[in-house]
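To keep things clear, I will list the structure first and then write my remarks on it.
The values are calculated or read from the model by the stated rules, or taken from the named source; none is laboratory data. Everything numeric here is computed off the predicted structure, so don't read it as measured data. Note that we place each Cβ from the backbone using ideal geometry, even for glycine, and neighbour counts take in every protein chain shown. Note: accessible area is taken over every heavy atom of the protein model, side chains too, but ligands, DNA and RNA are not part of it. Shrake-Rupley method; radii C 1.70, N 1.55, O 1.52, S 1.80 Å.
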Amino acid sequence: MATIYADSSDGWVRSFNQSSWYNARTGAGGLGSTSTASIAVVGVGAYKTSARGGGSAYHVYRSFLSFDTSGISTDVSSASLKIRGVSLSTGDLIALKSNSDIESLGTADFDAIEGWSTGIGSTNGSGGGDNESNVTEYSSEVTTWDVLDYNTITLNAQALADMRDNDKVYIVLINYDYDLKDVAPTGFSDNRNGLFFTEYTGTSRDPYIDYTLAEVTATDNSVFFGTNF
């Protein structure tokens, strides 16, 4: 088994404190980002809170990571994305394929998700903007989150193929039930996951991928000379 640590450009992009679910999920109301944080109390989230002065506020967080896979040229038999949790663990999430824009992460990368649709009217909070059939999934839904240890996200066949074929693999972690499926949180829900990034001192809590290459079966090309059977 081999290990690849995430690039130092990892981080989150958020749409925070928006007056509507539409503004929060589409980023229409303004965005923030960081690629220098070592810890994100909220790294993945889609939630609703009370707004100052009354009413409600909506918030969406997405975390982006890239990994150098240029040293892999043969089939990968299995791989797991390892993310060290922290603080909050109340949301379900999923790993999707992002794109190369995230190597210099900024607010414009909020929708840097392969296949993501942001067409006018595509977000209505009732599933109208469900993107699950458009995006490239790298994992299944993650329904548990450990805030005291690493979380193991099993990467699927598409992710394994991209590790073999591409010099970089780009991943975004988003909330599954609300952000991906376009379901507006109701009540004052709390769907948030915290995580560590590579900027944390040392590598003991950095995101990484563990992977195993497929075994290569040697072909028996033995040649027999002057043998009579």
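Over what distance in Å are the Cα centres of the stretch 1-63 and the stretch 165-187 separated? Spelled out, the Cα-based centre of one part sits 11 Å from the other. Using the Cβ-Cβ distance between ILE39 and THR217 with R0 set to 45 Å, the FRET efficiency works out to roughly 0.50.
Every helix of 4 or more DSSP H residues in the chain counts as -39500 (n - 2.57), and over all residues that averages to -1500 deg cm²/dmol at 222 nm. Straight-line cross-link partners of LYS82 among the lysines, defined as a Cα under 19 Å from its Cα and at least 8 positions apart when in the same chain: LYS97, LYS168. At a probe radius of 1.4 angstrom, the accessible area of the stretch 157-203 per residue rounds to 38 square angstrom.
Multiplying the residue separation of ASP165 and ALA51 by 0.36 nm and removing their Cα-Cα distance gives an extension gain of 36.4 nm. Only protein atoms count toward the accessible area here, which uses a 1.4 Å probe; on the chain, the carbon and sulfur part of that area reaches 46 percent.
The mean accessible area for residues of the stretch 29-108, using a 1.4 Å probe and ignoring ligands and nucleic acids, is 37 Å² per residue.
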